[in-house]
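First the structure, in the form of structure tokens, and then the observations on it.
The values are calculated or read from the model by the stated rules, or taken from the named source; none is laboratory data. Please read these numbers as outputs of a predicted model, since none were measured by experiment. For neighbour counting, all protein chains shown are included, and Cβ atoms are generated from backbone atoms with ideal geometry for every residue, glycine included.
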Amino acid sequence: MNKLLIHHENFMHASLDDPMANLDWLLIYHKNWIQFLQHERLAHLLVTLALSILFIIIFGISLLAPNTYFLILFVLLAILLGFYIFHYYKLENAVQRWYSIYNDIMFKISLK
């Protein structure tokens with residue numbers, strides 16, 4: 001996913017620097033990619049929330065009834081949740097950068 005984000009951003013920056021670029025097409029193209037990324041972000045948010053709830057439940061169970069299996073499950077969920085939070089963080093930052101690119105396109109179109 002990270003390669004896709006970088007590739008799209010590089011393409012958009014290169015296209016914005018091109019004086020012959022079709023800005024109307026570029027705007028529609030970029031808007032479609034923003035919608036795709038927003039959908040991806042929503043899916044990862046829901047998974048992250050579900051994992052967080054499960055993490056809290058397992059933590060509570062392990063406090064009430066200490067068991068080695070719950071401790072192992074707790075550690076595995078903590079690691080998985082950490083990766084999901086990091087990935088969601090990257091998606092959120094990418095969406096913010098893409099909004100900035102969208103604003104740049106809109107600004108260039110208004111100068112026409």
Original post:
Any residue in the range 54-71 that is out of contact with any Gly (no Cβ under 9 Å at 6 or more places or on another chain), outside any helix (DSSP H, G or I) and small (Gly, Ala, Ser)?
Top reply: yes
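How many residues are of a type in the set (Phe, Trp, Tyr), over 19 Å from MET1 (Cβ atoms) and either touching a Lys or Arg at 6+ places or on another chain (Cβ under 8 Å) or surrounded by 12 or more Cβ atoms within 10 Å (Cβ to Cβ) (or both) if we restrict to the range 42-87? So that I can check it myself, show each step before the final result.
Filtering the range 42-87 for residues of a type in the set (Phe, Trp, Tyr) gives 55, 59, 69-70, 74, 83-84, 86.
Okay, now just the ones that are also over 19 Å from MET1 (Cβ atoms), so 55, 59, 69-70, 74.
Cutting the leftovers down to either touching a Lys or Arg at 6+ places or on another chain (Cβ under 8 Å) or surrounded by 12 or more Cβ atoms within 10 Å (Cβ to Cβ) (or both) gives us 55, 59, 70, 74.
Residues in the range 42-87 being of a type in the set (Phe, Trp, Tyr), over 19 Å from MET1 (Cβ atoms) and either touching a Lys or Arg at 6+ places or on another chain (Cβ under 8 Å) or surrounded by 12 or more Cβ atoms within 10 Å (Cβ to Cβ) (or both): 4 in total.
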Subject >> Scope the range 22-53; condition modelled with pLDDT under 95 and more than 23 Å from ALA94 (Cα to Cα); matching residues >> reply: ASN22
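Give SER62, SER52, SER100 a once-over and let me know the one that is among the small types (Gly, Ala, Ser) and touching a residue at least 24 places away in the same chain (Cβ under 8 Å).
Exactly one residue qualifies, and that residue is SER52.
Let me confirm something: among TYR84, TYR99, TYR69, TYR88, which residue is out of contact with any helix residue (DSSP H, G or I) (no Cβ under 8 Å at 6 or more places or on another chain) and among the aromatic types (Phe, Trp, Tyr)? Full working, then the answer.
Details: TYR84 fails: out of contact with any helix residue (DSSP H, G or I) (no Cβ under 8 Å at 6 or more places or on another chain); TYR99 fails: out of contact with any helix residue (DSSP H, G or I) (no Cβ under 8 Å at 6 or more places or on another chain); TYR88 fails: out of contact with any helix residue (DSSP H, G or I) (no Cβ under 8 Å at 6 or more places or on another chain).
Of the residues listed, the single one that is out of contact with any helix residue (DSSP H, G or I) (no Cβ under 8 Å at 6 or more places or on another chain) and among the aromatic types (Phe, Trp, Tyr) is TYR69.
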